[in-house]
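J.: Can you read through this structure? Questions will come right after.
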Amino acid sequence: MLAAAFIVLLAVLCGALYASRALTDREVRGSQQAASSGVAKAPQTLDEQADAIVREMSLTEKVGQMVMIGVQGTDLTDDSKFMLRQFHIGGVLLFDRNLESAEQTKAFISHMQDYAQGEEAHQKVPLFIGIDEEGGDVVRGKSFIAPPPSQLEIGQTGDPTEAGRSAEKTGKALKALGINVNFAPVADVGSPDRRSFSKDATKVTSFVGRAADGYETAGVLYALKHFPGIGKGRVDSHKEVSTVDASMQTLEAEDLAPFRKMIETRKPESMFILVSHLIYPAIDTEHSASQSRAVVTDLLREKMGYQGIIITDDMEMGAVANHAPYRQLGVNAVKAGVDIVMVCHEYEHENDIYMGILEAAQNGEISEAQIDASVKRIVKAKIAHEL
C-alpha cells in the first residue's frame, strides 16, 4: 500500500512539474511573439502623456491652467480654495505677504498642492508654485531665504560661473520649500537698475546661460524675462507703458541675443519666457508686447522657434491695466499667443482674467485648438519636472 501511494504521489508531482514547464514555455513564447509582432506597448513619450491628460480636461480646467495668480494669507483660505476648486487655477506666485518662515512656507505650499489635487478641486496635475527671487532689490522671504546678490554684482565679477553657483544655491533653497519656478534670470541687456548682468549683450548671454545651468542642476524651472528686453525702457511699466525706440537691427543684435541663445540650446520644457508690457514700434507700433501677436507669435514663437511656455508679466501693472478692462487684457494676451496670464494681487481681477478667457473660448473668439496647445505645453513642463 505504501509503495502504491508513493507511485501515485510521484505521478502527481511529475504531472504538476510538466504542466508548470508547459505554462512557462507558453508564456515565454507568447512574450516573444508579442514583442516580435509589436503587441507590447512602448513607454509613453512626454507628448503622449501630456496629450492624454489634456484630453481628460474640461474647458474650465484648461483655462485654469492658463492663469497664474497671487493669493492672500499664509495658509489656505476660503478665497484661495475657491480659486483652486472653482477655477482650477494652475499656478500661484508667492510674495512676502505669504512668507513668514521656512516651516510655514513648506506647510502652506503642501496644503495648496494637496487641496488642488484632492477630493474638492480634483486638479489633474500639480500647481506651479513661483517666486521672484532674482537677487539684489528683488527678493522674497529674506528672513529665511538667503538673498542672492544682484545680477549686476554677479556680472561685475567677470566670472559667469558665479551666476551658475548663485542660481544653483537659490534653486536648491527654493525647491526645499516646495517652490518649483523662479522668475529669474533677468535676460535684459543694460537695465538702468541692478537687475541686469551687463550692458553688453554677449556678456549677458553668457551669464544667463550659466544661471540656467544652475537652476537646471537644482531641478527648478526658471523664467527668462522680460522679452523682448526692457533694458532700453524709459518708464517703470508698473506705473505706465513705455516705448523702446530701437530699430529691429539693434533689437536683433542686442536685446534678443540672450533669448535667442537660450532657445537654441535649452529644452523648451525647462523654462518659461516672460513677456513685458512695453511697446516696440519696430515690431508693433500699437500694442504692448504682452498684447501683441507680432511679438509673441510672429517673433518669439515662429521666427525664433520657441516651443516652451510663454507667460505675461503681471496684468495689474499700469502699463496695461490703465488701458483696458481686465476681462479684455487676458483675452488679448491669449489671442497674441501667450500660454499663461499672470495676475497677482486682487481676487476680483483674477476672476475677471479667468472669466474673460473662458467666455472667449466658449464663444469661439479663442479656438479650443489654441487652448489645447497652450495647456499641453504647461502639462509637459509639469510632467517633465515630476511636479
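J.: With no solvent and one equal point scatterer per Cα, compute the Debye intensity ratio I(q)/I(0) for region 255-315 at 0.15 Å⁻¹ and report its log10, rounded to two decimals.
T.: So the normalised log intensities are -0.42.
J.: Please report the accessible area of M248 (heavy atoms, 1.4 Å probe, ligands and nucleic acids excluded) in Å², nearest 10.
T.: My reading of the accessible area for M248 is about 60 Å².
J.: Sort F95, F82 by accessible area with a 1.4 Å probe, largest first.
T.: Result, largest first: F82, F95.
J.: Provide, as a two-decimal number, the C-alpha radius of gyration of region 324-387 over 2.2 N^0.38 Å, N being how many residues it has. Walk me through the intermediate numbers first.
T.: Working: Rg = 12.5 Å, N = 64, 2.2 N^0.38 = 10.7 Å.
It is 1.17.
J.: What accessible surface, in Å², does a 1.4 Å probe find on I53, ignoring ligands, DNA and RNA and rounding to the nearest 10?
T.: The value for I53 is about 40 Å².
J.: Work out which helices of the chain, taken as complete DSSP H runs, extend at least 24 Å along their axis over the Cα atoms and score a mean Kyte-Doolittle of 0.5 or more, then list them.
T.: The qualifying helices are 2-37.
J.: Per-residue accessible area for H111 at 1.4 Å probe radius, Å² rounded to 10?
T.: Probe radius 1.4 Å; accessible area of H111 about 80 Å².
J.: Divide by every residue of the chain the summed helix terms, -39500 (n - 2.57) for each DSSP H run of at least 4, and state the resulting mean residue ellipticity at 222 nm, rounded to the nearest 500 deg cm²/dmol.
T.: Estimated from H runs of four or more residues: -15000 deg cm²/dmol.
J.: Cut-off under 21 Å on the C-alpha distance; same-chain residues fewer than 8 positions from K172 excluded. Which lysines are left, in chain and number order?
T.: Partners within reach: K106, K142, K225, K267, K382.
J.: Follow-up question, since we're still on this one. Quick one: net charge around S292, please, counting Lys, Arg +1 and Asp, Glu -1 for every other residue with C-beta under 11 Å from its C-beta.
T.: -1
J.: Using a 1.4 angstrom probe, figure out how much accessible area region 316-387 has per residue, in square angstrom, rounded to the nearest whole.
T.: 37 Å²
J.: Let me ask something else about it. Over region 108-248, give the accessible area per residue in Å² for a 1.4 Å probe, as an integer.
T.: Result: 39 Å² of accessible area for each residue.
J.: Could you order D372, D188, D137 by accessible surface area, starting with the largest, using a probe radius of 1.4 Å?
T.: D137, D372, D188
J.: What would the Debye equation give as log₁₀ I(q)/I(0) for the chain at q = 0.08 Å⁻¹, counting only Cα atoms as equal point scatterers?
T.: Each listed q corresponds, in turn, to -0.45.
J.: For region 236-339, give the percent of accessible area contributed by carbon and sulfur heavy atoms, probe 1.4 Å, rounded to a whole number.
T.: 47 percent
The values are calculated or read from the model by the stated rules, or taken from the named source; none is laboratory data. Note that the coordinates shown come from a computational prediction; the quantities given were computed from them, not determined experimentally. Cβ sites come from the backbone with ideal geometry, for glycine too, and all protein chains shown count toward neighbours. Protein only, heavy atoms only, side chains kept; ligands, DNA and RNA dropped before computing areas. Shrake-Rupley method; radii C 1.70, N 1.55, O 1.52, S 1.80 Å.
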